[in-house]
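The values are calculated or read from the model by the stated rules, or taken from the named source; none is laboratory data. All values derive from a computational prediction rather than experimental measurement. Positions of Cβ are generated from backbone atoms using ideal geometry, with glycine treated the same way; all protein chains shown enter the neighbour counts. In case anyone asks, the SASA skips ligands and DNA or RNA and just uses the protein heavy atoms, side chains included. Shrake-Rupley method; radii C 1.70, N 1.55, O 1.52, S 1.80 Å.
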Amino acid sequence: EGMDSPNGKMVKLSPTSEAWLPLSDLYVPQNFKTAFDNLMPLKSLDDGLYKSLVQASAAVKVGKTVLAPTTTARNLISGLGLSAANGHIPFAKNPMATLDAMQMAWGVHGKFKRNQTYRLEVRKLIELGVLNDGANSRELMETLNDSMGGDVNRILKGNRLMDTAQKLYSFGDDFYKVNGYYQERKAFIDSGMSVAEAEAKAAQRVRDGYPTYSKISRGTKELRRFPLAGSFVSFPYEMWRTTTNQFKFIAEDFQAGRTTMALRRAAGLTASLVSAYALAEESKDRLGFTDQDDEAVRSLGPEWQKFSNLFY
């Protein structure tokens, strides 16, 4: 272990154990090993005080997220900003495609469940990493699993209230990603790409431009379990990653001659970054509030709201 090679330091991919054969005999570059470990699920918690603390913390997080209507609504509304940052606006280009995205994000039910075309399309979106991999929705499922101490899908089965609440919360992730995928795919096809190339490129843009749970680091996943950590730490991590990627996409589109796509993304990114501040300032101006008035109102609010944009 630790031997050198032209690809750098080589390490064992898996533990030395008969259960891991033949992987336990395989040596890979260190960066591949790191990526492989990040994809592995976290270990189950052993019974004890720490597990009890994690379960209690997870139950609180679930209560103030998936079971809180205001948080679910905020998760849905915040997706508008994420879409804008990617240069995507629901219903703007193709209303029917947006309606399809809504149906697929919610799940294939009723007449759509009997429609093979829809079923195959949903399966493809899952395989491409567009559906069922949102940073908030996937972390929610993991948090539910921690709080209930078992297979969350088995626990939710038959519990219509929890199942509906979870779907509503997940919808805020999946709808905007599916809608973005269709708009991005169309733009790539219009730029001259084949359908297959456009689908692969659009899926990659969605995974790298929208918060995606499978993209977060293992350390962030472990932080999710820490009882004293705030709710849903994946989202702030992903916002840093996706915002950085937006600038890369803009540069890539300019270099490839896709000027319209680059300008639309740049305009959307700018709007998403400044709109909240601009609207808050506008609401102050309309009522004649000064900065001193604003500070006075903030002093009466909770500490966690101290640096929020307030709308009057």
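Things to note:
- Of all residues in segment 212-244, those being at pLDDT 75 or above and more than 14 Å from the chain's Cα centre (by Cα) number 5.
- Within segment 184-208, the set of residues being open to solvent by 30 Å² or more (accessible area, probe 1.4 Å), more than 16 Å from Thr242 (Cβ to Cβ) and not in a loop (DSSP other than H, G, I, E, B) comprises Arg185, Lys186, Ile189, Asp190, Val195, Ala196, Glu197, Glu199, Ala200, Lys201.
- Look at segment 284-312: where a residue is touching a residue at least 12 places away in the same chain (Cβ under 8 Å) and of a type outside the set (A, V, I, L, M, F, W, C) and a partner is loosely packed, with under 12 Cβ neighbours inside 10 Å and part of a helix (DSSP H, G or I), sitting 6+ places away or on another chain with Cβ atoms under 6 Å, you get Asn309/Tyr277; Tyr312/Leu287.
- Taken together, Leu279, Leu310, Leu287 contain a single residue that is open to solvent by less than 50 Å² (accessible area, probe 1.4 Å) and out of contact with any strand residue (DSSP E or B) (no Cβ under 7 Å at 6 or more places or on another chain), which is Leu310.
- Sole exception among (1) within 26 Å of Arg185 (Cβ to Cβ); (2) surrounded by 20 or more Cβ atoms within 10 Å (Cβ to Cβ); (3) at pLDDT below 75 for Asp146, by number: (1)
- Flag: Ile250 does not match the condition of being in contact (Cβ under 8 Å) with a residue 12 or more places away in the chain and within 11 Å of the chain's Cα centre (by Cα).
- Just one residue in the set Leu273, Leu287, Leu263 is in contact with a Ser or Thr (Cβ under 9 Å, 6 or more places away or on another chain) and either of a type in the set (A, V, I, L, M, F, W, C) or farther than 24 Å from Tyr181 by Cα (or both); that residue is Leu273.
- The C-beta contact set for segment 160-182 (first residue closer than 20 Å to Glu199 by Cβ, second residue open to solvent by 20 Å² or more (accessible area, probe 1.4 Å) and in a helix (DSSP H, G or I), distance under 6 angstrom, 6+ apart or interchain) comprises Phe175/Met102; Tyr176/Leu82; Tyr182/Ala97.
- Test for Lys124: is it among the basic types (Lys, Arg), under 11 Å from the mean Cα position of the chain (by Cα) and at pLDDT 80 or above: no
- Pro227 satisfies every condition listed in (1) outside any helix (DSSP H, G or I); (2) more than 18 Å from Thr65 (Cα to Cα) except (2).
- Output for segment 257-288, where each listed residue is more than 28 Å from Gly134 (Cβ to Cβ) and of a type in the set (A, V, I, L, M): Leu287
- Applying the condition of being of a type in the set (A, V, I, L, M) and part of a loop (DSSP other than H, G, I, E, B) to segment 75-121 and asking which residue is modelled with the highest pLDDT yields Ile89.
- Within segment 253-265, being open to solvent by less than 40 Å² (accessible area, probe 1.4 Å), in contact (Cβ under 8 Å) with a residue 24 or more places away in the chain and either part of a loop (DSSP other than H, G, I, E, B) or out of contact with any Phe, Trp or Tyr (no Cβ under 7 Å at 6 or more places or on another chain) (or both) holds for Arg258, Met261.
- Boolean, Arg241 is surrounded by 20 or more Cβ atoms within 10 Å (Cβ to Cβ) and of a type outside the set (A, V, I, L, M): no
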